[in-house]
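Here is the structure we will look at.
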Amino acid sequence: MVNLTARMQIMKNMIDQGQYFSINRARQYGKTTTLRALSQYLGEDCTVVSLDFQKMSYLDFENESAFVNGLAREISKKIRQAVDVPDGTRYRLQEIAQEKHSRIKMAEIFDCFSEWCGQSVKPVVLMVDEVDTATNNQVFLDFLAQLRASYLDRDAVPTFQSVILAGVYDVRNIQRKLRPQKEHKQNSPWNIAAAFRVDMSFSADEIAAMLAEYEGDHHTGMDIGEMSGLIYTFTSGYPYLVSSLCKYMDEELEGTDGFPDKHHAWTRKGFMEAEKLLVNENNTLFQSLTGKLTDYPELRSLLYGLLFMGRPIPYVPQNPYIDVAAMFGFIKNDQGTAVISNRIFESVLYNLFISEEFATSKMYDAGVQERNQFIVDGQLDMRRILETFIETFDYLYGDEDETFLEDAGRRYFMLFLKPIINGIGNCYVEPQTRNRERMDLVIAYRGQQYIVELKVWCGNAYHERGEKQLSDYLDYFHLKKGYMLSFNFNRKKTIGIREIVLGDKVLVEAVV
């Protein structure tokens, strides 16, 4: 596991200051793990009551009395073995849990909380995980309102030292979902929450420390710096993705073709195989992400524009589409610009969007029909792929207008490529090169990598700069051959392929 001590100390400082706060992160971002680690870290300094709203049933949120009964029941379970809870508190919570629904009110359990906190020798901290379970219920808003009232009166009436709510949705915005349209207001019942700015992603150094601990046990001979760099580059430290890639290399690759042992699994080749397996996995995280595209059509349009058209979109958190995309983990803020959060998500989204066109795409059909000719001695013949793409593209779309081709050209190349590498290879886009003029595609196939720069022709000077950029990019990957596919709308263009030599490298340039 990654060492979480630094995060724990920051959160403990917030608790010591009596702050109430929310941990809002995307699915499987380590929220539950963090709460459990924090509970252990607080140790003997606090009495921690850690709840999970998923353990409360739908009927527990039906009305105020049912909620109070359910809440008292769950807290009673949690403090059953605790030695530092007053007997009077135990008895009163059990009593509330058994009260008839029609008789119990929210104020009664908060009176119990106040009495408990006033008698407790230690500060009492309340943690609630999976608050999303309750966000569609008015009774939950009432619960938040009572917590806020207790927080505001804390100088006069004993209450929790700190309250921590964890979930995907920001509970400060819940009232937007619950109030009738005419009553939309911005005075959230959780507006007393302190800003939670703890970075919960894993840095390359933290991943390296975790791998060093693993290497001490397993002695694989891995290059820890290279492996931690690869993992971070593809995941941007998203905890679930980091763990999944490591799990594949540790548990799944050993004994498979090309990976007879852990020494071979923990290599760049093993990493690329693990990345391919992860991207093609239908796990709950990816299901949750792609499901949001149906729930939020505007989100689909935003992501599609980022991926295929290179539209620069400012990161403005007040924009509801940006806010939703960030909340669900699709995008992040990169120096004021919205970008896809990590390469794994990019690949999953590319595959999804492209797959939606399989049934009707003539370009995809062409790739399917021609794919056998593109594999030579187990490797891709990229020159032949580009030649055939040019012929097919010109035949199918040569008469389309410039706007259509500029927006669709790169997508069509990926549609053509997909059936050729499907099941064996994978591809991703280098994020720093994605714009309306240029996009670098990295194709991984049977342990080999191929770099294809997809670009819109913007004149000879720009083209020559592109050649230099591609040459420099090949140095990064330690490759001597690269490929460039240019979409040229000049009527006097010459369609075809040529090879040019730049220093010690060969660039194969294709013009559509």
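The values are calculated or read from the model by the stated rules, or taken from the named source; none is laboratory data. Since the model is a prediction, treat every value here as computed from it, not as a measurement. Neighbour counts are summed over all protein chains in view; Cβ atoms, including those assigned to glycine, are modelled from backbone coordinates with ideal geometry. Ligands, DNA and RNA are excluded from the accessible area calculation, which covers all protein heavy atoms including side chains. Shrake-Rupley method; radii C 1.70, N 1.55, O 1.52, S 1.80 Å.
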Of the conditions (1) open to solvent by less than 40 Å² (accessible area, probe 1.4 Å); (2) in contact with a Ser or Thr (Cβ under 9 Å, 6 or more places away or on another chain); (3) over 19 Å from Val429 (Cα atoms), Met327 clears all except one; give me its number.
(2)
Taking interchain pairs and intrachain pairs at least six residues apart, which have beta carbon atoms under 8 angstrom, with the first residue in the stretch 8-36 and at positive phi and the second open to solvent by 20 Å² or more (accessible area, probe 1.4 Å)?
Gly18/Arg154; Gly18/Gln161; Gln28/Tyr240; Gln28/Thr284; Gly30/Tyr240
Over the stretch 69-88, the set of residues assigned to a helix (DSSP H, G or I), over 19 Å from Ile104 (Cα atoms) and either touching a residue at least 12 places away in the same chain (Cβ under 8 Å) or among the aliphatic types (A, V, I, L, M) (or both) is Lys78
Looking at (1) surrounded by 21 or more Cβ atoms within 10 Å (Cβ to Cβ); (2) in contact with a helix residue (DSSP H, G or I) (Cβ under 7 Å, 6 or more places away or on another chain); (3) farther than 18 Å from Leu349 by Cα, which is the only condition Phe234 fails?
(3)
Could you check Tyr321 against (1) open to solvent by less than 70 Å² (accessible area, probe 1.4 Å); (2) part of a helix (DSSP H, G or I); (3) over 25 Å from Ser244 (Cα atoms) and say which number it fails?
(1)
Expected single match for surrounded by fewer than 17 Cβ atoms within 10 Å (Cβ to Cβ), among the hydroxyl-bearing types (Ser, Thr, Tyr) and modelled with pLDDT of 80 or more among Tyr462, Tyr412, Tyr476, Tyr445 is Tyr476
So which residues in the stretch 337-352 are in a helix (DSSP H, G or I), open to solvent by 10 Å² or more (accessible area, probe 1.4 Å) and within 21 Å of Phe271 (Cα to Cα), if there are any at all?
Arg343, Val348, Asn351
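Can you go through Gly229, Gly221 and tell me which one is at pLDDT 95 or above and part of a loop (DSSP other than H, G, I, E, B)?
Working: Gly229 fails: part of a loop (DSSP other than H, G, I, E, B).
Going through Gly229, Gly221 in turn, just one is at pLDDT 95 or above and part of a loop (DSSP other than H, G, I, E, B): Gly221.
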State which residue is farthest from Ala82 (Cα to Cα) when the search covers only the stretch 121-145 and only residues that are open to solvent by 20 Å² or more (accessible area, probe 1.4 Å), of a type outside the set (A, V, I, L, M, F, W, C) and not in a helix (DSSP H, G or I).
Asn136
